[in-house]
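Taken together, the values in this text are just the output of simple stated rules run on the coordinates, not laboratory data. Small disclaimer: the values here were computed from a predicted structure and weren't measured. Cβ atoms come from the backbone with ideal geometry, glycine included; neighbour counts cover every protein chain shown.
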Amino acid sequence: MPKLGVRALTQLIDLHFPQVHEGSGPLIIEQVDSRTARVRMTQDIRMVRPGGTISGPTMFKLADFTIYVAILAELGEGALQAVTTSLNINFLTRPIPGDMLAEARLIKIGRRLVVAEVELYAAAHDEMVAHATGTYALPTIRVAVK
């Protein structure tokens, strides 16, 4: 069972990281469960490349954010300072413009690192359009020496 639900996560992101919504369609946290998250990026003209496809940076952003949401859901507010250390994405097919969906799964949660994978879909189709793997570094809690 996740520590934070959809509503709490949405409020946390809007309070501490509202700039994540800039430059693309709004990011909507649709579902979280144990070690998983699903996020929707709503259609926005800024996402579309000439030729009528969703841009790679848009899909990269969605994948990265969905991992972050899954980490926060699982570990709680203490993980707000978690940061991406690597993200690799494979573009599988050309997505048509529209909403995009990302489904992240946390593969391993260690003391310092979290490893995850993300499947990305054009919401109007069932075919996966991209697959990403990523690693996040978790914040360390430093104790002041007296």
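Each of I107, A37, I96 was placed along the dipole of the chain (beta-carbon charges, centred on the mean Cα), and the one lying farthest toward the positive end is I107. Dipole magnitude for the chain: computed about the Cα centre from +1 point charges on Lys and Arg Cβ and -1 point charges on Asp and Glu Cβ, it is near 620 debye.
Only Cα pairs under 8 Å and 6+ residues apart enter the sum, and on that basis the relative contact order of the chain stands at 23 percent.
Packing, taken as the mean count of other beta carbons within 10 Å per residue, orders the peptides 58-69, 1-12, 115-126 from highest to lowest as 58-69, 115-126, 1-12. Alpha-carbon geometry of the chain: the Rg and the Dmax are 15.4, 61 Å, given in that order.
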